[in-house]
Amino acid sequence: MPELDVREEIVLLGRTLWAEGYCDHLAGHITVNMGDGTLLCNPWLLTWEEMMPGDVLRIDLDGNVIEGDWPVPLGIPLHLALHVARPEVQYAVHNHSEYGTVWSDLTAVPPAYDQSSSLGGGEVVLVDEYEGAVNSREAADAAVRAIGDADRAILGGHGVFVIGDTARAAFLRAVALEQRAKNAWMVRVAGGPEKSSLPDWWMDRQANSDGNGYHGFWEAAVRKALRDEPALAAEVLGRQR
């Protein structure tokens, strides 16, 4: 995998997650804390599968555009509130993933039935306090308080929220959460057991993961995205020559 700068990571995180079910049209936000009171984020009006590194915005913690030619995404107050409340957070991802949103509509956390669904570590919480318009800072503050120190959340009637300290961790956690949601729904429809057969020691070990340990998982997804999009590959590889 080529070495990526932060803007390229945002673009490739968006494209790889789009292929994993995080593809609700224009919805969704990816933010990265730059450590200087600013965030990089995807723009409004472009889908995750079409944005390029030059489209990525730099914004302040009030949501004002500092660099970039596109508007700030709707619903960005959720990210602003998170980065203010938890300044140590690096990467934050929100979208209405296909199966994650089914569980958000059910206002329930899907159980992890299989090894891949349990990957990524961190607690998954249900946040049923997301009230008000998507651009409401008060609603965003309430949601962030409900998330607490968790790294993944099911937002009741809304979608999912994923946090990681690297793009690699955010990708693994987001993919595992969507697979968890999909497989749990399939098991429920099939009339399967309520409890997973995974042993407690396995679940405890996964819960303590920071999401960075599955080497090659993120890299393989990036390589595929670059193979599928020659223009993006040419830009990324051309910058390194």
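The values are calculated or read from the model by the stated rules, or taken from the named source; none is laboratory data. Model, not experiment: these values are computed from the prediction. Every residue, glycine among them, receives a Cβ derived from its backbone with ideal geometry; neighbour counts consider all protein chains shown. These accessible areas exclude ligands, DNA and RNA; they are computed on the full protein's heavy atoms, side chains included. Shrake-Rupley method; radii C 1.70, N 1.55, O 1.52, S 1.80 Å.
Filtered by the rule that a residue be under 14 Å from Val6 (Cα atoms) and free of Cβ contacts under 8 Å to residues at least 40 places away in the same chain, region 18-38 gives Met34, Gly35, Thr38. When you look at Val72, is it closer than 29 Å to Lys182 by Cβ, in contact (Cβ under 8 Å) with a residue 24 or more places away in the chain and not charged (D, E, K, R), yes or no? Here the answer is no, as Val72 does not meet what is asked.
Among the residues making up region 48-104, those that are in a helix (DSSP H, G or I), crowded, with 23+ Cβ neighbours inside 10 Å and among the small types (Gly, Ala, Ser) are Gly100, Ser104. Selection of first residues in region 162-173 that are in contact (Cβ under 8 Å) with a residue 40 or more places away in the chain and of second residues that are open to solvent by less than 10 Å² (accessible area, probe 1.4 Å) and among the aromatic types (Phe, Trp, Tyr), restricted to Cβ pairs under 8 Å at least 6 apart or on distinct chains, gives the following pairs, ordered by first then second residue: Gly164/Phe171; Ala167/Trp218; Arg168/Trp218; Phe171/Trp218; Leu172/Trp218. Only one entry of Ile10, Ile59, Ile76, Ile30 meets the criterion of being more than 22 Å from Gly157 (Cβ to Cβ) and under 14 Å from the mean Cα position of the chain (by Cα), and that entry is Ile10. With respect to the conditions (1) surrounded by fewer than 22 Cβ atoms within 10 Å (Cβ to Cβ); (2) in contact with a Gly (Cβ under 8 Å, 6 or more places away or on another chain); (3) modelled with pLDDT of 95 or more, Gly121 falls short on a single one, namely (3).
In summary, Pro43 fulfils each of the numbered conditions (1) open to solvent by 30 Å² or more (accessible area, probe 1.4 Å); (2) within 16 Å of the chain's Cα centre (by Cα) with the single exception of condition (1). Screening Tyr113 against (1) at pLDDT 95 or above; (2) more than 24 Å from Leu13 (Cα to Cα); (3) touching a helix residue (DSSP H, G or I) at 6+ places or on another chain (Cβ under 7 Å) leaves a single unmet condition, (1). Residues that are open to solvent by 60 Å² or more (accessible area, probe 1.4 Å), farther than 28 Å from Leu13 by Cβ and among the aromatic types (Phe, Trp, Tyr): does region 193-206 have at least one? Yes: region 193-206 contains one or more residues that are open to solvent by 60 Å² or more (accessible area, probe 1.4 Å), farther than 28 Å from Leu13 by Cβ and among the aromatic types (Phe, Trp, Tyr). Within region 175-233, being at pLDDT 85 or above, within 19 Å of the chain's Cα centre (by Cα), farther than 16 Å from Glu20 by Cβ and in a helix (DSSP H, G or I) holds for no residue. Inspect all residues belonging to region 163-176 and state whether any of them is touching an Asp or Glu at 6+ places or on another chain (Cβ under 6 Å), over 25 Å from Leu61 (Cβ atoms) and buried (at least 24 other Cβ atoms within 10 Å of the Cβ). Yes, there is a match, as at least one residue in region 163-176 is touching an Asp or Glu at 6+ places or on another chain (Cβ under 6 Å), over 25 Å from Leu61 (Cβ atoms) and buried (at least 24 other Cβ atoms within 10 Å of the Cβ). When restricted to residues that are under 25 Å from Gly216 (Cα atoms), not acidic (Asp, Glu) and not in a strand (DSSP E or B), region 13-33 contains 10.
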